[in-house]
Amino acid sequence: MAKGERKRALRGRAGRMKGGRGSGRAGTGQVRLWGRHAVEAALKNPDRVHRKLWATREGVESLDGELPQDFPLEYADVQDLARLVAKDAPHQGLVLECAPLEDIHLDEVLDADPARPIVVLDQVTDPHNVGAIMRSAAAFGAAALVTQDRHAPPEGGVIGKAASGALEVLPWVRVVNLARALEQIAEAGYWRIGLTGGAETTLAEALPEGPVALVLGAEGEGMRHNIESHCDALAKLPIGDQIESLNVSNAGAIALYAVATR
């Protein structure tokens, strides 16, 4: 932004939070986000209800925009902010407490552009991996991320930091039954491709022309048998023999690139 240029006001509904500055945990039912990209994206998201921002003065200055005049802001030093987040988390002088995003249902995203894939995660539990997959999914124009409501990390600061803003723009659908969700995805016309190193077919060979749902399994254990049986094809990435497998977030990024460039 050019020097002297007037910053636009950051959007969002600013709610007020009663009580003191907090004990390091988000209030009941609230989400705590940290890091410039995650906090800035949340502040610009009109679907977020914001409760309070703790920040250093440098952190506020780093934001692309100005907070509304009555925004609940409390200045704090770096050490105080460190007590509000996960241990050793890189908060970059910004910690935001806000309400979680409203639930999105699967049928709300199944009518998306057929060129945009859906990413399905089968019990991927590491929030760093889920956040990184979100970031790649948003970067490559995915329509949504689908996870089971159990056996998946909750919305929060670790995912938000790893997603680098994608948490605010990528629809995240949580379902009770992942197998049933895959059936619904197939009924909507998507070709379901499960990524597994044991497949004979490469992803490039398995990719169709139409809508695609990419299914990725848990770290180490891969997809469950029931989820594999709900895929139309199983495919592998053509990696060399020197490496047994890729991290699930790396595999997801490569698969999304393959879909985007087919």
Report, largest value first, the span of the C-alpha coordinates of the stretch 21-124 along each principal axis, in whole Å.
47, 32, 23
Counting sequence-distant residues (5 or more places) and residues on other chains, those with an amide H built under 5 Å from that of V49 are A99
Can you give the accessible area per residue of the chain, in Å², using a 1.4 Å probe?
51
Using a 1.4 Å probe on the protein chains only, how many percent of the accessible area of the stretch 127-183 belongs to carbon and sulfur?
53
Efficiency by 1/(1 + (r/R0)^6): what FRET value for R57 and K87, r their Cβ-Cβ distance, R0 = 30 Å, to the nearest 0.05?
0.80
Label point 7 Å out from A115 along Cα-to-Cβ: which residues of the stretch 127-164 have amide N under 20 Å?
136-145
Using distinct alpha-carbon pairs, which all enter the 1/r mean, Kirkwood radius of the stretch 163-222 in Å
13.6
So how much accessible area does V120 have, in Å² to the nearest 10, using a 1.4 Å probe?
0
³J(HN,Hα) across the stretch 252-259 via Karplus (A = 6.51, B = -1.76, C = 1.60, θ = phi - 60°), whole Hz, x for Gly/Pro?
x, 5, 5, 5, 5, 5, 4, 5
Counting only residues 5 or more places away or on other chains, whose amide H sits under 5 Å from the amide H of L73 once H atoms are built in the peptide plane?
L53
Expressed as a percent, the portion of alpha-carbon pairs in the chain spaced more than 35 Å apart is 23
Taking only protein heavy atoms and a 1.4 Å probe, the highest-to-lowest accessible-area order of H91, H37, H105 is H105, H37, H91
Once you wrap a convex hull around the alpha carbon atoms of the stretch 102-184, what is its projected area averaged over all directions, in nm²?
4.9
Multiply the residue gap between Q79 and I254 by 0.36 nm, knock off their C-alpha separation, and tell me the result in nm, one decimal place.
59.2 nm
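The values are calculated or read from the model by the stated rules, or taken from the named source; none is laboratory data. The model shown is predicted, which means the values in this text are computed figures rather than measured ones. Cβ coordinates were reconstructed from backbone atoms using ideal geometry, including for glycine residues, and neighbour counts include every protein chain displayed. In case anyone asks, the SASA skips ligands and DNA or RNA and just uses the protein heavy atoms, side chains included. Shrake-Rupley method; radii C 1.70, N 1.55, O 1.52, S 1.80 Å.
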